[in-house]
Each structure stands twice: as C-alpha cells, then as structure tokens.
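> Would you mind keeping the following structure in view while I ask a few things?
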Amino acid sequence: MNVSEGGSADYAVSLKSPPSVDFNVLITGHSDTELTLSSESLSFSPANWRIPQMVTVSAAQDDDALDDVVTLTHAASGGNYNSVTASVVVTIDDDDEAALVFSQTELGITEGGSARYEARLASRPSDEVEVLISGHSGSDLTVSPTTLRYPPQNWWLPQTVTVSAGEDDNEAGESITLTHTASGGDYASKQGDVTVTVADNDWRARVSLAADSVNDLKISEDGSRVSNLMAKSFPATPPGTNKGIPVSICFSSSLSDFGFNLVYSGLTRTLDSSGCNLNAPLRISGDSAQRRSRFWLDPIADAVDEPDEVVTVTVLANPEYPLPAGVQINTAANSRVVTIEDDDPTVVSLARTGSGAISEGGSVGFTVSLGRVLVAGEIIDVPLSISGSGVVPADWLLVKNPGSANTGVRLINSRTAKPAVRFAGAGAETATLLLEAAVDNTDEGDGTEIFEVALGADGTVANGFDRTSLQTNVGGGADPHETDNAFSVTVSDATSPPLAFFTQASSSALESGGTQSVTVRLSSAPTADVTIGYSVGGREVAGTDFKIAGSTTVVANTVEAVIEISLIDDDAVELGEIRTVELTLETGTGYAVSSRRPRHVLSVADDDESLLSITAPADAGEGDSGVTDRLYTVGLSAASSSDVSYKICFSGTATIDLTKADLTQADAVPSADYQPLLDGEAFGAHCIAQRIPAGALASDRAVGIRVRGDTSLEQHENVTATLNLIGKPPLGVGIGEKQATHRIHEDDSLSLSIHAPESALEGDAGSAVKNFDVRLSAPAPSAFTYSICFRAAVSTATNNKDYRAIAKTGTRYNGCRQFSMPKSLVSSGADVRMLVYGDAVYEGDETVVVSLRSNGLPSGVVLAPAASSATYTITDDEPVV
C-alpha cells in the first residue's frame, strides 16, 4: 500500500477461518520510521472473527526527498493461529524533491561590478552534496567560490556566490548561464542555472522615453486630452549623428481594438493594432548635450462601452535605419504605459422578476444589471429610489437574494429611501435583490399600497447619475437604460390569521456568549395573546448545552416575541466544532406558519482551547563521571476528547548519541554529551513520539535526556526539545510552549602553570635566550589569551642590566604582556622569553620572577596554586675578590 507523506491510509485485517480461542495480532516493524499506527494490537475471538478490523497508517513529514519503504509484520498468538504471520509493505510517497534553490535565477551586472546570489538545497540530502559551478570559462566573469559543499547536518544553510564582471573594450553586453551540477547522495546529477547578464559600460549615449508629466500618461478617448511624449538621447550625442538618431515608436496592448493617431515630425500615422512605425522613423535631434524629439498620441473615439485601454509605448532601434555607433537604447527607461480612458457610459438596467401583487410579509425580486462585466479595479455605484404614496423606509427591507452569487455586489445605505448598489472588481455584472414588504399593522384604506422602485436619475456629472458622492471610476461613467429603469408593485395588507416567521434565518454565537435572543414575528398584530410553538433540534443538547422554554407569546396588539436561548459554557474541548440549535415553528391556534422564514439556526462555536506545552528540567552541571537523567514535562492545558499524538525532537550545542536510552538501563553511558531517553516510540534519528490518551492531561510515559559526566573542559551546552503535533490534531488542540531548553553547565576546569628553565652560569659577555614554559593540565577546547609579568620588584636581578624580557619576534618589553594559548594544545611553546646578559662583575647569584595573571582568563581556566609563578636563578661565575 502507498501513503503520502503527511497523509494517512487504511487497510483491513481479517481471518480466513474461525479461531479456537481469543487471541491478539501484534503489529511491528514501524519503530524508527516516520509511520504511526492507529492500533498496534488487534483482538480477535470466535465471536468477531468474521469482522475485518481497520488499521490507519499515518506518515509524518520529513526533510529528505526519499520514498521510504516499511514492512509491517503481523504476528498472531493463541490457539490454532499461534505463530501465524503476515506482512504489509507500506511505501511512503515523499512530497519533497531534491533540487537546487537559488535566491534569484537572473542576475544583472555592469562591467567592472559584482553581484551575489545564494544557493541552497530544497531537502535534506542522504549524504554530503558537492555543487560545481561552471559555464563562465572564456568569459569576463569571475565566480567565487566555484564549489559548494552541503553536509547533512546543516544542509538548509544557504551559501553565497559572488559573481564579478571584468572590463572589456567592446560595446556589447553578454549573457552567461552558470550551470550548477550536484553530486552526492540523492542529489546526484541535479542541476540548476543562474543567468548572468553583463551590461556594457562603453556606450557614450543612451536613448530613453519620457513624459512631461503624469497627465501625459492618461488620455481621453474623445480627444480632449492627448499624450505628449518625447524620445531623448543623453548624456552626449556621438559624432556622425547630425541627421538625428533614428528610432521606432512601438505599441502593444492586451486589447485588439484600440486605435489612435501617432503624430510626429509633421506626419500622422493611424494605428489600430500592436506594431511599430518602421517605414518613417522618428529622428531625435538637438544640441550636443541632449537631443529630444516629441510625438503625440491622439485617440480615435468609438461608441463601444469597454474598460480603459492600457497601451505600452516603447522606443526601439529601427531595423531599416541602424543606430549610429556609440548609441544604445536604454532598456531600463525606453517604455511608458499610457491609459486611454473610455468615454462611453455603461448602461444600467432594472428588471422585476415575477409579476402580480404581494402581501405584507412577502417579497418581490428584481435585478440591477450592467451593460458589461467589470474588470479588476473598476467600480460602478448605481443609485436607487424606493418611493410611493405614504411609503417610508420602515415599510420595506432591501437585501441581496441569498440564492444568487451576486459577485462583487454590495448594498449601500440600504435602510434609506435612496439606497445604492455597488459593483466592484472582476466579474461584477448583475445584482439579484429582494424587496421585502414589512408588516405595519396599519389599515391602508383600500387594503393596498404601491412601491415604486427606480434607478437614480441621469445627470451631467462624470459618473452619469445625479449624486456626486458616488464612487464610480469607469471611463464614461454609468447611465440608466432608456426604458428598463423602473417598476412598481402592489402590496396588500397582511392576511388573517397572521403568519408567523423568524426575523432572521440564522445567527451565531460563542459557547461563552450567554443568553442569545431569537425574534419571531406575526404578519399582523393579534387582538389577544398568541402562544407560538416551535420544535428544537440540532447537535447541541437541551439541558446540557443550553436551556430554552418550549414556546413564546406575542402579546395582544404587538407583532413580535423573543425566544431566549441560554448557552451553557463548559471547559471541555469539544473538538472545536460548530454545533447548532435549530428552531422550527409549528402551527398553532391564532396564527399560521409562513413559508418565508419558518426555521432559525443558531450556530454555536466551542471557544475552549487546549494547548500542548513542554517544560525543560532545571539547569544543572554535567558532573565528572556517571550519568544523570533529566526529564522534560509535556502536557495539555485541558483534556481533549480525542487522542493527541506528538513528537519531541532534540537539538542544541551539546552533541547527541543517537542510540536512545531506556529508563530501566540506569548504567548505560552515552558516547556523547547526552542521549534521548526512550520511553515512547522512536520517531526518526533525533525524535521520540508519544501520545496523550483522550480525557488525560499528559502521557503516562516520561521523556528526557541522559547526560554524561566528564572531566573535559567544554563550553556551557544547551539541549533544546522541540514539540510538534503528529498528523492532523483534534480540533481545538494547538501548540503552546513549543520549545524548552535545558542548559548543561560546564563544571570542569583546566589549570594553567608556568615553569622556569634550568639555572645556568651568566658568562662574562654577550647574552643568552632563556624560555619559560606555560602549560595547561589538558588541551584547550578553544584558543584563549593569558598575561605574564616580569616582576622587577621581587626579583634581585636588575631589568635591562642583568636581563631583558623579549617577545618571540625579538621585540623587547617591560612589565606584562599577553600571549595566546592555541586550541587543542597544552603548551604555548617558547613564547615567554628573556635575554640574560653576561658580565665580568661579581654580584652573587640573582633571581628573575615571572608570574601568571588571573585577569582575563576564560571561564574554566584557573591558575595552578603551586605554579602560578616561576623563578629563574642567574648563577654568578665571577670569583670573589
């Protein structure tokens, strides 16, 4: 069977014949894999042996791009099925792909300049990956580095490549493709390209396109505004261009029916499609510092309502009239976008759906339609008027028909006598609306009133309607249809008996929302109290999740009553799902149930949340030997009604032993700084999988690390445990504290000591070099500096007469000096030196004292108590006179 990474699949386990006794089937083989099973043990009996049992296999996400194959072994025990086995091979279809990823695949450089890009791997490789960069040989490009290496432990880190372009003497740019070829692991033969474009800097003049102002980039189809553009050459005009620089003016548009006149140099060219003025080029002329020539775009009007046309104008080299030497088109500034605003209005139509009169409490449908579909960014506001003799906004309600898409449609000021319909964005064209007649309990005389619905009057302002506050932005505005612009409907008084309906079909609330009110209404006021009954359904349970009365009463001479639903809040995480209370009106005495809104659904969202968090053990030292077990705490803030599966993955500066320790093996010592404690299922190299059962706050299994003690000096080290949910978590369950870090304090130290050379005779003349030895008790984990001082105050020898401190380079110094202890060494070598001068004077034996200073030593390095200073004796070899 196959299962996608991050997904799950099911298979069934069944028996071919009845067993003699109850027995279990144990499923194994998925430890240390990305698979988790819904059940690892299946129970069969003589009573249920015919029923297949389902097993859900879930595959977690990983970083690599390899498909994994896992064999699940099913072993039976008991009765006539004892020792019977069967296997299921599961192939995990990986959704990652081994590929090279670049921060940019196109790079632009100017001669003499450089640029950078980053290269990384898309997935964790199975082995170290080496990427060779080629393709630049023989070009002016220099690439550094040309080899990239990605070890598996930090495969995700991007590496920076610097590309530099050398200078050349020609006037041509270059385009070079850098090919990246990978080798190693599952990245063998993977390739990726980065294209480098080198812009030549030897041009003496560049041609570009400009406009006098932004107004020249927006023109009107009726010709009241034209575009004034110029082609110009800057900064200097090369020799040999006294006849001007010939260029072509080219156009392109997403529309095929645009049209305008191109006017330049006394010529007029009519263009009705994309193309260039090839036969008669525009010539750029002027002084030697900057040349320019203007041209105009004069739109050709039509009578078609259409979106504004966007035309790209570009200056290019004319193939029939080559550019003079030393002139180049500046491709970064040789085009401009010009908008041609349409001047034809969009026609708006109004049409009723259906016919005949309606009663109070009923509704009439109608549509407001545009003459064309809007495109992205367009807005048309259509004003409406709803009137009639004695008709006021309280007599009606304007809403969108819930059974229609109404793409891009919104109602504005819908409770006033002059509402508006806004059409906005791509696809907006038709509004399907309902005008609902309110029940007013007023005797209308003849029993009827007439609603007049019409489009707003046409006007002279830019948007086409009288109201200047409208936000219509299409060229030409919008105008009402000449005939399809109004309708009327007769509304008769409510019938007897009155009709009962809900004022709203639905509402929503949070579980903690308290009491919710639902209003029921009669189409006319009764002369006596009317009790309205209803049934209660839905997924919420009355008495447990909410409280409600069995009926409500409309008081005489009123039309409304309220049904109160008191929601009961609890702390249970109920899967975060939406549950409902459904009220359905039932026919009773003194009223009938309307078909308008006989049902109300209250959606109740559970707002309880359970957060899964992890806490680290208290920081502690590593110790000098043995092991200590340190446990992390994982738990939910509230119990879930479903199992919660998760994994804990370890990382940090401490080194990990990937063989996992069992809590029962107290004497097992890790081969590195620590190893994970396995009281759960292995989940990849650095991870442990566990599960919190439904109704529980934590797993009954521990999770932690086993820390090894040693006497080696190291830095303080961290172990970070990261928490992730496995598969799709139950609704309402999320991650709280995702990471917890435990610090392993370094409690070892190294001792630093100094040792003097053996004493020797001073001699009668000249000098001799003497070396002091500075030593560590063990190799240094990293380089550090220390200070020594020649202590003239406690020495009997005289500085600069009997001896002199010198550096390794021979430089003399007085007093104190800093030296470096290299990494992994126990001695700094012959760094601490002095010159001993010979003389022919009897002085007796003299001493030189050299001391180490504790100031500035790194943590973990201390001075040896008995060897923090050293004394060298200069033995006098002159006779006593």
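Read-outs throughout are calculated quantities, based only on the coordinates presented, and are distinct from any laboratory measurement. This one's a predicted model, so the numbers in the text were calculated from it and none came from an experiment. Glycine gets a Cβ as well: all are built from the backbone with ideal geometry, and neighbour counts include every protein chain shown.
> Can you give me the convex hull volume of the Cα atoms of the range 689-761, divided per residue and expressed in Å³?
Values: hull volume 9.5 nm³, N = 73.
Hull volume normalised by residue count: 130 Å³.
> Starting from the Cα gyration tensor of the range 478-533, take the square roots of the eigenvalues, sort them a ≥ b ≥ c, and report rounded, prolate or oblate (rounded when a/c is under 1.5, otherwise prolate if a/b is larger than b/c, else oblate). Don't skip to the end; give the middle numbers.
Working: a/c = 5.54, a/b = 1.44, b/c = 3.85.
Oblate.
> Expressed in nm to one decimal, what extension gain is obtained for the pair D764 and S603 from 0.36 nm per residue of sequence separation less their Cα-Cα distance?
Gain in length upon complete extension: 47.2 nm.
> Let me ask something else about it. Please give every one of the lysines within straight-line cross-link reach of K801, meaning a C-alpha to C-alpha distance under 23 Å, and leave out same-chain neighbours fewer than 8 residues apart.
Within the straight-line cut-off, K801 pairs with K770.
> Now a separate question. Mind checking which of G6, S824, V453 is farthest towards the positive end of the chain's charge dipole, using Cβ charges of +1 (Lys, Arg) and -1 (Asp, Glu) about the Cα centre?
Positive-most Cα among the choices belongs to S824.
> If you add up the charges near R294, with Lys and Arg at +1 and Asp and Glu at -1, over every other residue whose beta carbon is less than 11 angstrom from its beta carbon, what do you get? The partial results should precede the final answer.
Values: positive: K232, R292; negative: D212, D216.
That works out to 0.
> Taking the simple approach of a point 7 Å from Cα along Cα-to-Cβ for both T195 and A696, what is their distance in nm?
Here the modelled spin labels are 5.9 nm apart.
> Can you compute the FRET efficiency between S39 and D67 using 1/(1 + (r/R0)^6), with r the Cβ-Cβ distance and R0 = 25 Å? Round to the nearest 0.05.
0.50
> OK, next. Would you mind computing Rg(Cα) / (2.2 N^0.38 Å) for the range 346-492, counting N as its residues? Can you show the working numbers first?
Numbers: Rg = 15.4 Å, N = 147, 2.2 N^0.38 = 14.7 Å.
Computed over Cα atoms of the range 346-492, the ratio equals 1.05.
> Still on this model: Which of rounded, prolate, oblate describes the range 750-875, given a ≥ b ≥ c as roots of the alpha-carbon gyration tensor eigenvalues and a/c under 1.5 marking rounded, otherwise prolate only if a/b is larger than b/c?
In terms of gyration-tensor shape, prolate.
> Still on this structure: Quick one: which of 9-16, 477-484 comes out on top by average Cβ neighbours within 10 Å, and what's the full order, highest first?
477-484, 9-16
> Could you give the length gained by full extension between R415 and V562, i.e. 0.36 nm per residue of separation minus their alpha carbon distance, to one decimal place? Each step should come with its number before you reach the end.
Details: separation 147, 0.36 × 147 = 52.92 nm, distance 2.29 nm.
Computed gain between R415 and V562 is 50.6 nm.
> For the chain, give the share of DSSP beta bridges that are antiparallel, in percent and rounded to the nearest 5; count only bridges with both residues there.
On the way: 235 of 277 bridges.
Of those bridges, close to 85 percent are antiparallel.
> Same structure again: What FRET efficiency do you get for A807 and Y842 if R0 is 30 Å and r is their Cβ-Cβ distance, rounded to the nearest 0.05?
That gives a FRET efficiency of 0.45.
> Something else now. Under 1.5 on a/c is rounded, so check that first for the range 456-568, then, if it is not, pick prolate when a/b is larger than b/c and oblate when it is not; a ≥ b ≥ c are the square roots of the alpha carbon gyration tensor eigenvalues.
Cα axes put the range 456-568 in the oblate bin.
> Right, here's the next one. Report the local net charge at V581: Lys and Arg +1, Asp and Glu -1, summed over other residues whose C-beta lies under 9 Å from its C-beta.
Surrounding charge for V581 is -1.
> Follow-up. Report the paramagnetic label zone for S820: residues of the range 781-795 whose backbone N is under 19 Å from a point 7 Å from Cα along the Cα-to-Cβ axis.
Correct set: 781-788.
> Pick out, in residue order, every one of the trypsin sites (Lys or Arg not before Pro) in the range 288-360 that is DSSP loop and has at most 10 other C-beta atoms within 10 Å; say none if there are none.
none
> Once fully extended, how much extra length lies between D10 and S712, figured as 0.36 nm per residue of separation less the alpha-carbon to alpha-carbon distance? Let's see the in-between values first.
On the way: separation 702, 0.36 × 702 = 252.72 nm, distance 5.18 nm.
Working it through step by step, the gained length comes to 247.5 nm.
> How high is the FRET efficiency from Q159 to T407, r the C-beta distance, R0 56 Å, rounded to 0.05?
0.70
> Dividing the alpha-carbon radius of gyration of the chain by 2.2 N^0.38 Å (N being the number of residues), what value is obtained?
1.53
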